[in-house]
Every structure is written in C-alpha cells, then in structure tokens.
Amino acid sequence: MKIADDKHYLLFSGLAVGVILALVAVFNYVVDPYNLLGNNRTGAYFVLERQVKDAILTYKHEGILLGSSKTGYVNPDELSCYRFYNASMRGMVPEEMYFYLKKYLRNEKLVLIGFDFYMFNERELPLVRINDWNDVRYTKVEYLLGAQTVKDSWKTLKMRFNNEKKYGMKPNGQFDYPGISTESASAGPNSYEQKYNTIIRGLVENYYDHFSFSQKRMDYVRQIKALLEERGIPYAVFINPLNTDVLAALQNIKAYSRYLSWRKEMKEIFPKIYDYSEGRYSAREGFYLEDPYHYTQDTGRAFLNEIIGDFCVHKSEP
C-alpha cells in the first residue's frame, strides 16, 4: 500500500509541477515582456539590449557604433557619411564587445568603439565569463520559464495599468534616455548647485572609489584590435568625454593615478585613439542636468561626426 501511495504522490507532484510550468510558460509567452517572441501587446517597459541587438543582422547599415549607455543614447541617424547601427548596451564591457563583434561583424565601412575607465572596474562590473555571444542570451526555454521573466511580465502588466512611460529600442539600435531631465547642465538654476555637487560626489564614490582594475579586460581590448585588423574593417577607438566636474573629483581619490596609466596604455594599444576624456566636450553644459555621467545627444553627435570626418570617403566631394 505504501508503495502505491508513493507512486500516486510522485505522479500528482509531477503533474502539479508540469501544470505550474505550463502556466508560467503561457503567461510569459502571452505577455512577452521584452518582446523577444514578437507577442508583446502592452508595450516594452524593459529593454534588454543583450537579447535584442541581433537586430543588427536585419538592419541595413554601413557602420557600427559600439559602447556603453553613453553612446547608446546617441541617435545614429544623426551621424554623417554612413548609415550606422547603434549596437551599444548599458554597462557593456570589453569582453562583451569582443564577442559581439566576433559574431556580428560583416563588411562594415567603419566601426566606432567608445571606452570608459569605469568599464575596467571589476568591483562594480564583474568579469563576464563567456566563450561566445550566445552565452549571454536566453534560450527560448530559459525565457519562457525564467523567474526574472515572470517578475517582469507581472511588472509589465502593472506598469501598463498605471500608464507608465515605456522605454523602447528603435530599429537603428538607439534606446531611450531614462534620465529625470533631458536638459543639459547649463540649464541648472543656482539653487540646484548643491544638489549637483552631491550627485558628482556620489557618482565618483560609486564608480571610481576602491577601484579594482581589470587587466584581463585590457587583454580583450587587444583582442578587439586584432579582430578588426584581421577582418580588414576600418575602425576608430575613442575615450568618451568625462564631465569636467567628475574629472576634478576623480583627481582627489586614489584611482586617479590608475586612470592616467590606463589612458596611457590605451594610447599604446591604439596610437591613433581619440581621447576626449578632457577638453571642449567635457564642459558641464555638454552633460545632462541631473545625470552628469552621460553627455547629451548633441555632444555625442558633435564629437562622433568629428571622428567620422577623418574616415568619410565622400568628404572631399563637393
């Protein structure tokens, strides 16, 4: 009798688990919070760039813009000479750049790659241990049965009910800027100064203090260079502009000396690197009012078109 009861229990348990998993899969399939299956009807409130940037394969383009969120907010349609796809991703790090390029490079006429010192801080951004770009992407089963997908499916319904703002990715790869204000810092009133300085201090403490520099990521930087040159694809590497107030605060912490040596090493790897970490594009007014870490789209468009001008095959034409 006990054996029969145990069999019934196991059968019931198996059926119950199967029903629950089926309901989870159906729920995630119907809501499709990241629109990876094309079923989303509520609007995308979550954009997982690592899951959707394979759109580069279907978007007709001649150039690629690659980097973190700083370049991710730039509209590639406003860049000159070539038609660009913005392949940037929030928090993107060199190892991800390498494997993304390895998978998706074709015969582009120009690849623009932006680096930041912050990308090399393993304390804040642990090393991504992958062997292929597919390692960071969901399989269909993982997507349908994933606990995170369930959470975001539920959040999607709540956000839809509350008519909250949707953040999406455009066909050209650009994603919406999520900051509180899209005004530049030049628009700040005098009463905002104290808050602004607090933001600067917090940004430096969170991003650069107790910096754990990743030499392994420098190895990936070299691999990126080797990959591009092996494929014979023209490229330009640049260091993103750093807000002058952030730079001033950075000079007062231990990581500053490592920052300087990093810039030197980047120039040794890429002798023709465009180093915009300080200069006219670092002015306070070139960054967002309540987010001095990210430069405005006007700033991004200006210095990127400056770089493109050195490569554009049409620049000598009338």
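For region 26-137, the Stokes-Einstein estimate of translational diffusion at 20 °C and a viscosity of 1.002 mPa s comes to 140 µm²/s, using the Kirkwood hydrodynamic radius over alpha-carbon pairs. Each residue of region 283-288 was assigned a 3J(HN,Hα) from its phi angle through the Karplus expression (A = 6.51, B = -1.76, C = 1.60, θ = phi - 60°), giving 4, 3, 5, x, 10, 6 Hz with x at Gly and Pro. Along region 106-113 the Karplus relation, 6.51 cos²θ - 1.76 cosθ + 1.60 evaluated at θ = phi - 60°, assigns HN-Hα couplings of 10, 10, 4, 7, 7, 10, 10, 10 Hz to successive residues, with x for each Gly and Pro. Using a cutoff of 8 angstrom between alpha carbon atoms and counting only pairs six or more residues apart, the relative contact order for the chain works out to 23 percent. Peptides 209-217, 233-241 ranked from most to least packed give 233-241, 209-217, packing being the mean of other C-beta atoms within 10 angstrom over each peptide's residues.
Of interest is the spacing of the C-alpha centroids, which for region 101-173 and region 9-53 amounts to 17 Å. Rounded to two decimals, the Cα radius of gyration of the chain over 2.2 N^0.38 Å is 1.16. Which is farthest toward the positive dipole end of the chain among Met218, His294, Tyr100, measuring Cα position about the Cα centre, with Cβ charges +1 (Lys, Arg) and -1 (Asp, Glu)? Value: Tyr100.
Taking amide hydrogens as placed 1.01 Å from N in the peptide plane, the amide H of Gly146 sits under 5 Å from that of no residue at least 5 positions away in sequence or on another chain. Over the chain, DSSP H runs of length four or greater, each weighted -39,500 (n - 2.57), average out per residue to a 222 nm ellipticity of -13500 deg cm²/dmol. Each of Tyr220, Tyr100 was scored by other Cβ atoms within 10 Å of its Cβ. Listed from fewest to most, they are Tyr220, Tyr100. Any number yet on Rg/Rh for region 183-305, C-alpha, Kirkwood? That ratio equals 1.02. Within the straight-line cut-off of under 25 Å between alpha carbons, the lysines reachable from Lys225 are Lys53, Lys60, Lys70, Lys102, Lys103, Lys109, Lys216, Lys264, Lys267, Lys272, sequence neighbours fewer than 8 places apart in one chain being disregarded. Highest mean packing comes first when the peptides 287-295, 32-40 are listed by Cβ atoms within 10 Å, giving 287-295, 32-40.
Just so you know, all these numbers are worked out from the coordinates, no wet-lab data involved. In this text the structure is predicted, and so the values were computed from the model without any measurement. Ideal geometry is used to build each Cβ from the backbone, glycine not excepted, and the neighbour counts take in all protein chains shown.
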